[in-house]
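Here's the structure, in structure tokens; my notes come after.
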Amino acid sequence: MPEVPETLGAPEALLEVKGLSVRYDTAVLLNDVTLRVDAGETVGLVGPNGAGKTTLLRTVAGLVHWEREKKRGTRAGNIVIEGQVVFGGQRIDRLPPHGIARLGLVLVPERRRPFRELSVLDNLRAGAYLVRDPKEVTRALETVYGLFPILRERGGQLSGTLSGGEQQMLAIGRALMTRPRLLCIDEPSTGLSPRVRREVLAKIKDIGRTGITILLVEQDVSLAFALTTRNYILSHSRVVAEGTSEELMADERLRQRYLGVAGTA
Amino acid sequence: MVRYLNWLWREFKGEILVLPGRSILFFGAVALLALPLVFRHPYALRVLTMASIFAIFAASWDLISGVVGQLSLGHAIFFGTAAYTSALLNLNAGLPPVVTIPLGALAAVVAGLAVGIPCLRLKGQYLSLATLAFPIILAGLVMVFSSVTGGELGVSGLTRLAPTRLKEYYVAVVAAIVLILAVWKITDSKVGIIFHAIREDEVAARASGINTPLYKVLAFCLSGLFAGLAGGLYAHYMRIAGPSTLSVLTSFQPIIWVIFGGIATIYGAVVGVFVLFPLVEVLRVAPELRMLLYAASIVLVLRFMPEGLAPWVIDRLERKCPRCKEHNAFTRRACRVCGTALRVPQEKGVPSGG
Amino acid sequence: MLGNILVNALMNAGVYAMLAVGFSLMFGVARIINLAHTAFYMVAGYCIFYLVSTAGLPLPLAILISIVAVVVLAVVVYRLLIDPMREHETTVLILTIALALVLQEAMLLWFGGYFRSVPAATAGYATILGVRVSFQYLLTLGVLAGALVAVWFVLMKTKLGLAIRATAQDREIAEVMGMDESRTATLTVAIASALAGLAGAIVAPLYILEPRMWLNPLTIVLAIAVLGGLGSLKGSLFGAAIIALAESLVVFLVPQGAFLKGAFSLGIMILVLLIRPEGLFGVAFEEER
Ligand SMILES: Nc1ncnc2c1ncn2[C@@H]1O[C@H](COP(=O)(O)OP(=O)(O)OP(=O)(O)O)[C@@H](O)[C@H]1O
Ligand SMILES: [Mg+2]
């Protein structure tokens, strides 16, 4: 069905979140969140612990909806999702995660979550699950190896035995294997040494340069702002500010309240 | 005296009559006690006697598996240990049931230690599947030492639980009421709160300074105690303790009753037994189809009441106060404890955050 | 003597492995403890009995039909009853017990409580290591080995296998990578029940059929799955070998060993768990929220 472009959105809006609210029973995890990511952008999403950043990414990737469907009728099943998530002009808030993956939206989850008992290569293959043509899989593999040469060396190793930094590279590589249009990355630098942190973020910048759109959640604001084009600040389940890195950094109030103590883990 | 009666009545009204769920249980117990006054069909008495004994067994399973969350697939170990111990003491040492049943229960407590301590290291499904092993191992030993245990045939010819059928009935019913109330009191006590906490989040419970291994072993012993009392009562009532008391199906029975009735509630265990056990007997009208219909009805009921029968009924008869979480009869408009209005169907007021 | 023990152990190990692998896969992917797993094995046995003895079909055809029937039955039951209840873990537990009882009673109703047996496919025997081994045994061993290799191939070399292994590890992330968890789980149930069906089919000529024949293998399979590590294929294979060998040793060497074989294997399981609480090749499942 051809999508009628909405008046307020520029035609290249890849992801639009409109008035999204998420509640688990009586706990409000997201409250009327609206944001957009245009094609080609690298958008940052920052905010204090417990602000709802992970919840936002999980909702966009379809995991919250999926959890709700599975747990319907159980005591933990009272999950409410309101509002819309539109990806590439199509509503995705009622799709299962694998349907969303098929459209080209992929999540690099918090805590990396490699398939621990699978080898590095199998993890990457799992990422390429939806790619039918074996030649394309090989090509994607080469791209990922080009970006993270260490993964080629570690191909046969069980991913659970990789170091934290290597696991993060694997998680990003696995997501790239799906050949995504939008890459949602949740806290890639947590738990890494400053050097590896910078390295990982630099790689993310490289990925952004290849034309892949990125939505990046990051604790380390100064590192994140160095590579994002635009940012949202989320606090207490709401979007409290939006703007380019310079704009946000220039605002004394925001800097003190949300961005000030950034940089330390 | 009058004042005391008055107080009793007020307590009764305030604690039992206010809630439909409690009223049902109370009048159910009264009915059980009063039944023989009007109706003494030996078969019916037998079914209810057995149901009472099994209700204790079911409640003991709910204590460890439902309340503490250590899902046991091998509860027959306690039942069988106690049954055999009571039987052997009765036959070989000539002790009367009042002595053998508690001693049997003591043996079950020891079994609780034997199961609980090794299982401390195990979690979740591993624990469940490991517990399954214990009664089977014991059953193997029972078969090998058949000169003592009677092997396949078991130990038979025990002293009766009480001299007459009616007395046996009252022994079982009173024991059930007292013991199940005791289990319920435990789950409602300070220890019970810790038990619930262990089920909800063991790591958090330990982090807040609770010696969780100790409490888990305690729970195994308590559960063993009550299951053992049921096992001893059963042995003396049936006048036999055989390998079937240790079988896998004996382990599965309480699981079926409790989950059907509603897990982690104790009263659900009682409801499950008193619905399902007589049901099996009623189904004797179609002997070949009996088990089939039994299993099929369980499957059907659970398909539509996945949390079990009792919670389903309670959900319809009682309403939880949104503010203080106390239960209220469905007829009330305001909470009996804090006065909050109750008549808001489903739509939970969502506090706007921020 | 030793030869006898080995031959016997090998055979049992194969059957146990087929049952345990299926059980373990189903646990890993669909997260259900399926206590009715061996009941499907029993149904397959009876199915063959009916098709061969009453309908007069040749054994290979009967085996094929039985497996298909068991798979269809298992998948239908799974989709209709188990899948909608999966979040109610304890409810699933007794649903599977009830299901096993239903199948047991259905068999009792149709075939009675008698012991039944199915004629062997081949007659004659060979002598290996001084032990007389019937051709039926050898044939069975061959089929077992073939089936296990096939499972290994599917799991390790196909996309479905990759999805099964990934979903068993972390079903959320598997979904995020585009794997349809519900489809994977259903296919896993199909594979597991096909293995149970095949196990039932090939032992039907060697063992005796009766409506309670699911109980003993069930405890053994649980022991193997736990011993090897829930969800681990390698663990199921090793566990099956260990338990089968232990059983054979007990039966042949210990007086009254037949009574003790269950106790002995379960004792081994508990010992292993005390040393390694997650089993020999246990998979630490990623915590999900
Ligand atoms: N399943 C749940 N049920 C109830 N509350 C939840 C659930 N999951 C998360 N929360 C709560 O929702 C809030 C937002 O969580 P979320 O993980 O989205 O925060 P975050 O911004 O990613 O934080 P962090 O920076 O620490 O990763 C937290 O307060 C969290 O405790
Ligand atoms: Mg987070």
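The values are calculated or read from the model by the stated rules, or taken from the named source; none is laboratory data. Everything numeric here is computed off the predicted structure, so don't read it as measured data. Backbone-built Cβ (ideal geometry, glycine too); neighbour counts: all protein chains shown.
Against the test of being touching a strand residue (DSSP E or B) at 6+ places or on another chain (Cβ under 9 Å) and farther than 29 Å from A:A140 by Cα, the options A:L176, A:L215, A:L259 yield a single qualifying residue, A:L259. For A:L20, the conditions (1) near ligand 1 (Cβ under 8 Å from one of its atoms); (2) within 16 Å of A:L95 (Cβ to Cβ) are fulfilled apart from (1).
Filtering segment A:206-232 to residues that are more than 14 Å from the chain's Cα centre (by Cα) and not small (G, A, S) leaves A:D206, A:R209, A:T210, A:D220, A:V221, A:L223, A:F225, A:L227, A:T229, A:R230.
Quick check, is B:Y234 in contact (Cβ under 8 Å) with a residue 60 or more places away in the chain, crowded, with 23+ Cβ neighbours inside 10 Å and under 22 Å from B:V47 (Cβ atoms)?
Yes, satisfied.
The numbered conditions (1) under 20 Å from the mean Cα position of the chain (by Cα); (2) farther than 30 Å from B:A197 by Cα; (3) part of a loop (DSSP other than H, G, I, E, B) are all true for B:A31 except (3). Flag: C:V92 does not match the condition of being at the interface with chain B (Cβ under 8 Å from one of its Cβ atoms) and closer than 30 Å to B:A264 by Cα. Do we have B:L45 as in contact with a helix residue (DSSP H, G or I) (Cβ under 6 Å, 6 or more places away or on another chain), in contact (Cβ under 8 Å) with a residue 60 or more places away in the chain and closer than 23 Å to B:I193 by Cα here? The answer is no for B:L45. Of the residues making up segment C:213-232, just one is more than 10 Å from every other protein chain (Cβ to nearest Cβ) and surrounded by fewer than 24 Cβ atoms within 10 Å (Cβ to Cβ), namely C:M213. The combined condition, being at pLDDT 90 or above, within 15 Å of ligand 1 (Cβ to nearest atom), within 14 Å of chain B (Cβ to nearest Cβ) and touching a Leu at 6+ places or on another chain (Cβ under 7 Å), is not fulfilled by A:V217. Of the helices (runs of 4 or more DSSP H) lying entirely inside segment C:189-281, those containing at least 2 residues that are without any contact (Cβ under 8 Å) to a residue 24 or more places away in the chain and at negative phi are C:233-253, C:257-275. When the residues of segment A:179-192 are filtered to those that are out of contact with any Leu (no Cβ under 6 Å at 6 or more places or on another chain) and more than 16 Å from A:S222 (Cβ to Cβ), which remaining residue is nearest to ligand 2 (Cβ to nearest atom)? By that ranking, first place goes to A:G191. Here A:N49 meets each of (1) among the polar types (S, T, N, Q); (2) within 28 Å of C:P84 (Cα to Cα); (3) within 13 Å of ligand 1 (Cβ to nearest atom) with one exception, condition (2).
Taking the listed residues A:R72, A:R116, A:R68, the one that is within 9 Å of chain C (Cβ to nearest Cβ), modelled with pLDDT under 95 and buried (at least 16 other Cβ atoms within 10 Å of the Cβ) is A:R116, with no other qualifying. Filtering segment C:1-45 to residues that are closer than 29 Å to C:R79 by Cα and in contact with a strand residue (DSSP E or B) (Cβ under 6 Å, 6 or more places away or on another chain) leaves only C:G45. Checked against (1) in a strand (DSSP E or B); (2) within 15 Å of ligand 2 (Cβ to nearest atom); (3) of a type in the set (S, T, N, Q), A:T59 passes all but condition (1).
For A:V64, state whether it is hydrophobic (A, V, I, L, M, F, W, C) and within 14 Å of ligand 1 (Cβ to nearest atom). Here the answer is yes, as A:V64 does meet what is asked. Selection over segment A:223-240 of residues that are away from chain B (no Cβ under 14 Å) and either touching a strand residue (DSSP E or B) at 6+ places or on another chain (Cβ under 9 Å) or within 16 Å of ligand 1 (Cβ to nearest atom) (or both) gives a count of 9.
For segment A:167-174, does any single residue satisfy the condition of being away from ligand 2 (no atom under 16 Å from the Cβ), farther than 25 Å from A:V221 by Cβ, charged (D, E, K, R) and surrounded by 20 or more Cβ atoms within 10 Å (Cβ to Cβ)? Yes, there is a match, as at least one residue in segment A:167-174 is away from ligand 2 (no atom under 16 Å from the Cβ), farther than 25 Å from A:V221 by Cβ, charged (D, E, K, R) and surrounded by 20 or more Cβ atoms within 10 Å (Cβ to Cβ). Yes or no: A:L29 away from ligand 2 (no atom under 16 Å from the Cβ), touching a Ser or Thr at 6+ places or on another chain (Cβ under 8 Å) and modelled with pLDDT of 95 or more? Judged against the criteria, A:L29 is not a match. Considering (1) assigned to a helix (DSSP H, G or I); (2) buried (at least 22 other Cβ atoms within 10 Å of the Cβ), the lone condition that A:I185 does not fulfil carries the number (1). When A:V28 is tested against (1) surrounded by fewer than 20 Cβ atoms within 10 Å (Cβ to Cβ); (2) away from chain C (no Cβ under 14 Å); (3) not polar (S, T, N, Q), only condition (1) is not met.
Taken over segment B:259-313, the criterion of being among the acidic types (D, E), part of a helix (DSSP H, G or I) and facing chain C (nearest Cβ under 10 Å) is satisfied by B:E288 alone.
Only one of the numbered conditions (1) part of a helix (DSSP H, G or I); (2) within 19 Å of the chain's Cα centre (by Cα) is violated by B:G74, and that is (1).
So, A:G77, is that one in contact with a helix residue (DSSP H, G or I) (Cβ under 7 Å, 6 or more places away or on another chain), modelled with pLDDT under 95 and within 11 Å of chain C (Cβ to nearest Cβ) or not? Lay out the reasoning, then the answer.
On the way: in contact with a helix residue (DSSP H, G or I) (Cβ under 7 Å, 6 or more places away or on another chain): yes; modelled with pLDDT under 95: yes; within 11 Å of chain C (Cβ to nearest Cβ): yes.
Considered against the rule, which asks whether it is in contact with a helix residue (DSSP H, G or I) (Cβ under 7 Å, 6 or more places away or on another chain), modelled with pLDDT under 95 and within 11 Å of chain C (Cβ to nearest Cβ), A:G77 comes out as yes.
Taking the conditions exactly as written (assigned to a helix (DSSP H, G or I), within 13 Å of chain C (Cβ to nearest Cβ) and in contact with a Phe, Trp or Tyr (Cβ under 9 Å, 6 or more places away or on another chain)), does B:L141 satisfy them or not? So B:L141 passes the test.
Against the definition (surrounded by 24 or more Cβ atoms within 10 Å (Cβ to Cβ), more than 16 Å from ligand 2 (Cβ to nearest atom) and away from every other protein chain (no Cβ under 14 Å)), how does A:V37 come out, yes or no? Talk me through it step by step, then tell me what you get.
Numbers: surrounded by 24 or more Cβ atoms within 10 Å (Cβ to Cβ): yes; more than 16 Å from ligand 2 (Cβ to nearest atom): yes; away from every other protein chain (no Cβ under 14 Å): yes.
Yes.
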